[in-house]
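**Q** To start, I am sharing the structure in question, which I have written as structure tokens.
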Amino acid sequence: MVGALRRLRQEGESYQGVWSWLTTVDHKRIGIMYGVTAFLFFLMGGIEALLLRIQLSSPNNAVLDPDQYNRIFTMHGTTMIFLVVMPLSAAFFNLLIPLMIGARDVAFPRLNAFSFWVFLGGGLFMNASFFTGGNILKGELGAPDAGWFGYAPLSLQSAGTGIDFWAFGLLILGVASMASGFNFIVTIFNMRAPGMTLLRMPLFVWMTLVTSFLIIFAMPIITVALFQLLFDRLYGANFFNFEAGGQPLLWQHMFWLFGHPEVYILILPAMGIVSEVLPTFSRKPLFGYPFVVISGLAIAFMSWGVWAHHMYTTGLGPIANSAFGVSTILIAVPTGIKIFNWLATLWGGAISLKTPLFFAVGFISMFVIGGLTGVIHSIVPSDYQQQDTYFVVAHLHQVLLGGAMFGLFAGIYYWFPKFTGRLLHEGWGQLHFWLMFIGFNITFQPMMILGLLGMPRRIYSYPEGAGWEWWNAVATVGALLIGVSILVFMFNVVLSLRRNDQAGPDPWDGRTLEWAIPSPPPAYNFREIPTVRARDDFWHQKYEEDETGRPVPIVGGGAQEPEEEEHAEGEGHGIHMPSPSFFPLIAAIGLPIIATGLIYDAAIVAVGVAVLVVGIYGWALEPASE
Amino acid sequence: MRRLVSVALLIALVGLLIGCAGADPDLDQNTFAPEGDVARMQRDILIVWVLGPAAVIFVVMQALLIYAVIRFRRKKGQELPRQVHGNNRLEYAWTIAPAILLLMLIVPTVAGVIELGRDAADDALRVRVVGQQFSWTFQYPDLTDAEGKPLTVFGLPGEVGKPSTGRPAELHIPVDREIGVTLESVDVIHSFWVPKLAGKLDVVPGRTNSMWFNATKIGSYSGQCAEFCGFQHADMRLIVVAESEEDFEAWVADQLEGGGAARSGAGEPALVSYGE
Ligand code: HEM
Ligand SMILES: [Cu+2]
Ligand SMILES: [Cu+2]
């Protein structure tokens, strides 16, 4: 075993370079690639957001023309949801799930690589649409222009290929999500270390499980809807075409039946992260663990029965509107349970005020507002005024930026040392937090007022005199501040990587298994698969409780030091890790080629199918590592 | 910091009031300054049932959060805290109490939906509204000229891909009289919205939605399309002119003299079929 370990470690060191990343099936590397890619898309979506805000900073502005504005807001929304928050969550699933459940990798490592490459391909494919509108240097954009929810029949009528790129792009991304959804469900059910019962799983693992189930049930719905849309657009089918008897509202039902579970796909991972960060930094276990788990399940379950709250004003009639109003009101109950338990986790703790905690508390603070505006939206008769105004824009950013992104940043600051071996700088981290927190509030809280003042969303301009000038100007200033905070974050990452402030295996006195192993973790994660005896197992390796319930350190408890490896005696067999493979990448490349062919020329489809088939066959026939 | 935010919110609320004072009356769309029964009811439900309680919950939750972080921050040399795992009584309390509060919201929700969803009164003035990229057409099926053609007001439809230049179509209505509108679209989904008079209702091709509203004060009220409908969505405006019964009658007579099709602005009319 010693020999095997040494070989693995040496391999780990020599195993570098671009090729090793292209062929990796290591969940940690895939996680890092997910994270970096999602962050780059975040910059892209952020630049789009700043362009929109600059256009709206004053009345009758002409920085963007209406056509550009419509395309950019469509890409902004689509990017932030499908190319930023979802993959950033996936980055954490990848990085953490095997470590938290005491496994060496996910159940299907190559499928995992496939998910990433498909996601990357889908994201690039969709953004390629920018170049299809003529000369992009002259500002002729070809991106989709029907909004992130692409309402038919506007999305049928839209000229050019933007919507086709959008729809095929989403279909490709759906493949990636489905594959990773199944992968993590199987991983969590089958790969847990001995003793890791379901009710001992860290909350982040629970939320990943719930999210994965939502993904595998929600994605098929939008897949069907997108195929219908593409059939209408490309082949003259009549699903949504009212002139031939199609149903425009069918699209909305399909989209939101996917779309509402989708918003919980976006928020549950962040909730899981916050449920890990708060206990560590308050140095207390999560308050009411079973209730936090059950409320997560309840939210997921109820999320299937509220979709028509996005359609209150479509004329569904009093019965449907009442029913969906009531179900939407009730979904706030499990949401509230989570918030109260987080608060109780902080209560009575010994809170160390580090950057991850700031972001986690910022998350709660902003999510409270988002939850409240959600309830405000659920009241049907008054929501007839708020629907499709800036009030909705405020709500969705409170939950997605103030909520999901703050939670994800908490996770980045918390686990960065685990995967790089280095701490992020505290001072710059807190500066990042405060700039982002203040910028966020200056940007999005005024939008509630704009909504109440009657400003509809998705307008490229507004006349002088409507009373909206001041708040729009304020919001733009806030957006620039958020932009600055992101620059601070990027600076912090670069600085911290160079500063080389060694984190050690357990910098925060963590509670879960990932802190028991070296930072960064070796390729095989655990030298020996741990046996789990309690919830927060690693904490219980370090502390026992006296009669009053106060923790007392256990002598010799704590994380494995990398040096110990040399002395470890194994059972006489090495650790088998899956071998690298480039077939997932090849298979993934096939999909955007097929989509390109379906838009432009059927001959290209054959090329794409050939690539896909080569990839899949190579993958299937590839010799196993042993 | 969060306290600052709540102060900022207060200031913002004050600003809301200032904001409406500063707005041009022809462009004002402030939902907090309603001039119709529907919008008034919507504002009152919003403030009394949700915004008020939400403000209280907001302040309490943020205060608890700030208090917890400050009060329980780690002090030098502090021992590890007691490892409290939970408390079932508290859990039940904060499940049931919010549930009861939330269930109360069903009352205004259902009552409001039913009241707003009822058919227009029998004596309501009927108006047929047709949405089209990017203009509105209004037809009064009961106000016909000598040949039986109904009075119709055409907006100026824009051309897709070109900024629209026309003045928005005017919907003349008598004050204090219920208006029953039916909504139709000839192309994509639009949404009919005059914020100071009533919340919006979508204009969906292939189906006819209907709603009622009124204006309780003489004046002109700005409205605009609220569902993204493409290139010139931002310019798909309308103006509701609420006038006294006599003025309205005079306007109708004036329009009908020149034939059923009145025009506010030049250009090709929307694709409305005339009469029944
Ligand atoms: C207490 C929980 C929540 C309730 C009661 C709630 C309720 C609502 C309602 C009624 C709407 C429709 C508003 C309208 O168009 O008139 C809405 C919109 C939206 N909500 Fe929530 N929400 C909640 C939490 C969340 C969460 C956690 C997320 C995502 C992380 C979310 C994301 C969104 C988004 C993205 C929209 C706007 C979609 C669009 O029109 O583009 N909401 N919410
Ligand atoms: Cu929803
Ligand atoms: Cu519109």
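**Q** Report, as an integer, the average count of C-beta atoms from other chains found within 10 Å of each Cβ along A:312-321.
**A** Details: counts 5, 12, 9, 11, 3, 3, 8, 4, 1, 7.
Per residue, the average neighbour count from other chains is 6.
**Q** Largest first, how would A:H432, A:H576 line up by accessible area (1.4 Å probe)? Working shown, then result.
**A** Values: A:H432 0, A:H576 115 Å².
Ranked list, largest accessible area first: A:H576, A:H432.
**Q** Any chance you could check the Cα centroid distance between the range A:175-189 and the range B:122-152 for me, in angstrom?
**A** Between the Cα centres of the range A:175-189 and the range B:122-152 lies a distance of 56 Å.
**Q** How much length would be gained if the chain were fully extended between A:S352 and A:A62, taking 0.36 nm per residue of separation minus their Cα-Cα distance, in nm to one decimal?
**A** So the chain would gain 99.6 nm between A:S352 and A:A62.
**Q** Can you give me the long-range amide H partners of B:S135? Hydrogens built in the peptide plane at 1.01 Å from N, cutoff under 5 Å, separation of 5 or more residues or another chain.
**A** Close amide H contacts, sequence-distant or interchain: B:G158.
**Q** Counting other Cβ atoms within 10 Å, which trypsin sites (Lys or Arg not before Pro) in the range B:162-237 have at most 14 and lie in a DSSP loop? Intermediate values should be presented prior to the final figure.
**A** On the way: sites: B:R177, B:K196, B:K200, B:R207, B:K217, B:R237; in loops: B:R177, B:K196, B:R207, B:K217.
Within the range B:162-237, the qualifying trypsin sites (Lys or Arg not before Pro) (loop, at most 14 other Cβ atoms within 10 Å) are B:K217.
**Q** Tell me, what HN-Hα J-couplings in whole Hz come from the Karplus equation 6.51 cos²θ - 1.76 cosθ + 1.60 at θ = phi - 60° for each residue of the range A:143-149, using x for Gly and Pro?
**A** Running phi through 6.51 cos²θ - 1.76 cosθ + 1.60 with θ = phi - 60° gives 5, x, 9, 10, x, 5, 9 Hz.
**Q** Within 10 Å of each Cβ of A:322-328, how many other protein chain Cβ atoms are there on average?
**A** On the way: counts 8, 2, 1, 7, 6, 0, 2.
Mean partner shielding for this stretch: 4.
**Q** Please find the FRET efficiency linking A:A473 to A:T197, where r is the Cβ-Cβ separation and R0 is fixed at 51 Å, and quote it to the nearest 0.05. Don't jump to the answer; show the numbers that get you there.
**A** Working: r = 55 Å, r/R0 = 1.08.
Efficiency, from the Cβ-Cβ distance: 0.40.
**Q** How much FRET efficiency would the formula 1/(1 + (r/R0)^6) give for A:A603 and A:V186, where r is the Cβ-Cβ distance and R0 is 35 Å, rounded to 0.05?
**A** Details: r = 38 Å, r/R0 = 1.08.
The calculated FRET efficiency here is 0.40.
**Q** Now a separate question. Can you give me the Cα centroid spacing of the range A:440-486 and the range A:196-273 in angstrom?
**A** If you average the Cα positions of each part, the centres end up 30 Å apart.
**Q** Please list A:L40, A:L450 in order of solvent-accessible area, largest first, computed with a 1.4 Å probe with all protein chains present. Let's see the in-between values first.
**A** Numbers: A:L40 105, A:L450 0 Å².
From most exposed to least exposed: A:L40, A:L450.
**Q** Another question, if that's okay. Can you tell me the length gained on complete extension of the stretch A:F217 to A:V555, counting 0.36 nm per residue apart and subtracting the Cα distance?
**A** On the way: separation 338, 0.36 × 338 = 121.68 nm, distance 4.78 nm.
Full extension from A:F217 to A:V555 adds 116.9 nm.
**Q** Moving on. Along the Cα→Cβ direction, 7 angstrom out, place labels at A:T531 and B:L101. What is the inter-label distance in nm?
**A** 4.8 nm
**Q** Follow-up. Can you check what the net charge comes to around A:W515, using other residues whose Cβ is under 9 Å from the Cβ of A:W515 (Lys, Arg +1; Asp, Glu -1)?
**A** Combined, the nearby Lys, Arg, Asp and Glu give -1.
**Q** Shifting gears a bit: Work out the mean other chain Cβ neighbour count within 10 Å for the residues of B:103-115 and drop it here as an integer. Let's see the in-between values first.
**A** Numbers: counts 4, 1, 10, 6, 0, 5, 13, 9, 2, 10, 13, 5, 2.
The mean count of partner-chain Cβ atoms within 10 Å per residue comes to 6.
**Q** At what distance in angstrom do the alpha carbon centres of the range A:372-393 and the range A:589-623 lie from each other?
**A** 45 Å
**Q** Antiparallel DSSP bridges in the protein assembly as shown: what percent, to the nearest 5?
**A** Here the share of antiparallel DSSP bridges comes out near 65 percent.
**Q** At q = 0.19, 0.20, 0.23 Å⁻¹, what log₁₀ I(q)/I(0) does the range A:501-565 have when each alpha carbon counts as one equal point scatterer in the Debye sum?
**A** -0.74, -0.81, -1.02
**Q** Taking A:K138 as the anchor, which aspartates and glutamates have their alpha carbon closer than 19 Å to its alpha carbon, excluding any fewer than eight residues away along the same chain?
**A** A:E48, A:D65, A:D67
**Q** Among the GluC sites (Glu not before Pro) within the range A:417-508, which fall in a DSSP loop and have no more than 13 other Cβ atoms within 10 Å of their own Cβ? Write down the numbers at each step before the final one.
**A** Values: sites: A:E426, A:E464, A:E469; in loops: A:E464.
Those that pass, being in a loop and sparsely packed, are A:E464.
**Q** If you stretched the chain out fully between A:Y235 and A:E547, how much longer would it get, using 0.36 nm times the residue separation minus the C-alpha to C-alpha distance?
**A** Working: separation 312, 0.36 × 312 = 112.32 nm, distance 7.32 nm.
That works out to 105.0 nm of additional length.
**Q** Let me ask something else about it. Could you check the spin-label model distance between B:E246 and B:R126? Points 7 Å from the Cα along Cα→Cβ, value in nm.
**A** 3.0 nm
**Q** Ignoring ligands, DNA and RNA, what percent of the 1.4 Å accessible area of chain A is carbon and sulfur? Before the final figure, lay out the partial values.
**A** Values: 13880 of 20440 Å².
Carbon and sulfur together cover 68 percent of it.
**Q** Given points 7 Å out from each Cα along the Cα-Cβ axis, report the B:D26 to A:F301 separation in nanometres with one decimal.
**A** Distance between the two pseudo-spin positions: 5.8 nm.
**Q** Follow-up question, since we're still on this one. Which residues among the range A:583-609 fall inside the zone where the amide N is under 18 Å from a point 7 Å beyond the Cα of A:W19, along Cα→Cβ?
**A** Output list for this probe position: A:583-586.
**Q** What are the membrane-span-like helices in chain A by this rule: whole DSSP H runs, Cα extent along the axis at least 24 Å, mean Kyte-Doolittle hydropathy at least -0.5? Please list the in-between numbers first.
**A** Details: long enough: A:27-56 (42 Å, 1.14); A:109-128 (29 Å, 0.81); A:162-190 (42 Å, 1.51); A:203-235 (46 Å, 1.83); A:248-282 (51 Å, 0.95); A:355-378 (34 Å, 1.63); A:426-452 (39 Å, 0.84); A:469-499 (45 Å, 1.35); A:583-600 (26 Å, 2.01); A:602-621 (29 Å, 2.37).
Once both thresholds are applied, what remains is A:27-56, A:109-128, A:162-190, A:203-235, A:248-282, A:355-378, A:426-452, A:469-499, A:583-600, A:602-621.
**Q** Sticking with this one: Whole number please: convex hull volume per residue, Cα atoms of the protein assembly as shown, in Å³.
**A** Details: hull volume 138.7 nm³, N = 902.
Spelled out: Cα convex hull of the protein assembly as shown, divided by residues, is 154 Å³.
**Q** Using the beta-carbon distance between B:A253 and B:D142 and R0 = 22 Å, what value does 1/(1 + (r/R0)^6) give for FRET efficiency, to the nearest 0.05? Kindly include the intermediate steps, with their values, before the conclusion.
**A** Values: r = 14 Å, r/R0 = 0.65.
Calculated transfer efficiency: 0.95.
The values are calculated or read from the model by the stated rules, or taken from the named source; none is laboratory data. The structure displayed is predicted, hence computed values, not measured ones. Here Cβ is always computed from backbone atoms with ideal geometry, including for glycine, and neighbour counts include all displayed protein chains. With ligands, DNA and RNA removed, areas are computed over all heavy atoms of the protein, side chains included. Shrake-Rupley method; radii C 1.70, N 1.55, O 1.52, S 1.80 Å.
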